[in-house]
Structure formats: C-alpha cells, structure tokens
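The values are calculated or read from the model by the stated rules, or taken from the named source; none is laboratory data. These figures come from a predicted structure and were not determined experimentally. Every residue, glycine among them, receives a Cβ derived from its backbone with ideal geometry; neighbour counts consider all protein chains shown.
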Amino acid sequence: MEEKHRILILDDDPDVREWLQGVFESAGFAVSAVEDSKAMQERLNAAPHSLAVVDLKLKGEDGLAVARMLRKGSPIPIIMISGQGDETDRVLGLELAADDFINKPFSARELLARVRAQLRRTTELSIPRPAAMAGSGPRFSFDDWVLDMGTRTLTRGEGEPCILTQGEFALLAAMVQHPSRIWSRDQLLEQTRGFDADVYDRTIDVLILRLRRKIEPNPQQPSYIRTERGMGYVFSAPVTRL
C-alpha cells in the first residue's frame, strides 16, 4: 500500500533533504524533495501528495508560515521537524497547522513510525467510498453547520466546506455525537489520536483552539465547545441528527 503514497519533503539543508528522501524511498514511498515554498507549491500542483514533512527553520522563510499556508489549501497531514527542543515551538507548530512534531536528531525508524501512524489515520478518515455508500453515514447539524460522517466533511450554509485536519475532525465528530457530555482530556486523546500517537498534555488544548477558530462565531467566547474548568470540555450547542 505504501508505494501509492507520495511524501513531500521541505528542507533547505541538502544533506538532510537527501537523507530524508533516502529513508522514504527505501521504505517504498514516492518522494518530492524541495528546498523552498515555491518549489513545494509547484510539486503540489503537479501531483497529489499524502503527507508533508516541513522543517521549522528555513533560510529566508518561516517554516510555521509555510505550514500554515499549506494547511489552508490542503488537509494532508503535516509533520514538522526542528533542531530545537523548546516545547514552545512544538505547541505553536501544532496550534498553527501541524499534525505532529519531531525534534532532531531522530532515527529513521521513529520518523517512519510517525508517518505511518498519520497515514493510517488519514486512510481511516478519508478513504474514498463507493458511490453507493456515499453519504450513507449519519449527518448531524448544529446552527448552520452540517457534519457528515459518511463523507467525512464539515460544511456550512449552502455547502461551503471547512477543511479540518484528521485530529480536528475526529475530535469534533466525537463531541457532536455526544452533546452535553463532559469529556476529559484523556478521553478526547483516545478518540482523536489513537493508541500509537505521540501525545502530551497540551495536544487536546491545541486541537480545541484550532477548532474554535474555524467554527465558533466568536472564538474568544466559544458557544459550541465550552471549557468545564477542572474537568475538560463539553459540546453545548443543540445537535440534530439528519
């Protein structure tokens, strides 16, 4: 199955770029390896990609800004890499765009494990369904939003799509199907990341923040996803199963 996946690598260090390309090609992946965002966009326009590996520190460019730009136009998983071990970089990267974050130095084995975990989640949430099954899953509405479990989409109004990462979709799907339930962070981590995820205390807080920015009328005063102090989070908007 892996030979069907194409990995995008964005790193301005030619030695690192060559090593990453060798790791992925040896594991059976197709690879697009580039040094700047312009070349990245050209490769993305030329062929579909399954996942992106983006360096945080790029010459003349902000890796976080590049990842955020990529996220706005594509739901593919993004793994950010950095030579710094500061948790602030990790939290900021996840908050803005990334699905995972790995610090240098790292082994080929660890990198491949993280990539495969992200691809499994993507496959589980986004695998194309036969036409006969399209839209066959339950649909839920809250205000002018519609969450379709069959097509794995979130739309607004007349069908305007809202692009969600895999973790964001899984978190929202769990909460919408159980409105008024108070979820602890551990319970939401189990729902959104899976047993093989690299998780830490702020993961759910970051996902909640990103979701609020995308769906809340006022993210600063959330009316859908509310914080229950000392307990976790609750989806408080009325939900209708369509």
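Every condition in (1) of a type in the set (S, T, N, Q); (2) in a loop (DSSP other than H, G, I, E, B); (3) at pLDDT 85 or above is met by residue 151 except one, and the failing one is (3).
Across region 214-223, a minimum of one residue is classified as at pLDDT 90 or above and within 14 Å of the chain's Cα centre (by Cα).
On the basis of being of a type outside the set (Lys, Arg) and at pLDDT below 75, does residue 51 make the cut? It is false that residue 51 is of a type outside the set (Lys, Arg) and at pLDDT below 75.
Would you check if residue 33 is of a type in the set (A, V, I, L, M, F, W, C), in contact (Cβ under 8 Å) with a residue 40 or more places away in the chain and in the same structural domain as residue 109 (by TED's automatic domain parsing)?
Values: of a type in the set (A, V, I, L, M, F, W, C): yes; in contact (Cβ under 8 Å) with a residue 40 or more places away in the chain: no; in the same structural domain as residue 109 (by TED's automatic domain parsing): yes.
Judged against the criteria, residue 33 is not a match.
Please find, within region 11-33, the residue that is surrounded by the most Cβ atoms within 10 Å (Cβ to Cβ) out of those that are closer than 21 Å to residue 118 by Cα and touching a Lys or Arg at 6+ places or on another chain (Cβ under 9 Å).
Applying the first criterion (closer than 21 Å to residue 118 by Cα) to region 11-33 yields 11, 17, 19-33.
Subset that is touching a Lys or Arg at 6+ places or on another chain (Cβ under 9 Å): 11, 27, 29-33.
On the way: 11: 24, 27: 17, 29: 21, 30: 15, 31: 20, 32: 20, 33: 22.
Out of the qualifying residues, it is 11.
Pick from region 154-172 the residues that are assigned to a strand (DSSP E or B) and touching a helix residue (DSSP H, G or I) at 6+ places or on another chain (Cβ under 9 Å): which of them is surrounded by the most Cβ atoms within 10 Å (Cβ to Cβ)? Filtering first and then ranking leaves 154.
I want to confirm something. Restricting to region 41-82 and keeping residues that are in a helix (DSSP H, G or I) and of a type in the set (A, V, I, L, M, F, W, C), which single residue is farthest from residue 10 (Cα to Cα)? Applying the filter and picking the extreme gives 46. Looking across region 203-226, the residues that are of a type outside the set (Asp, Glu), under 19 Å from residue 238 (Cα atoms) and in contact with a Pro (Cβ under 7 Å, 6 or more places away or on another chain) come down to 212, 223.
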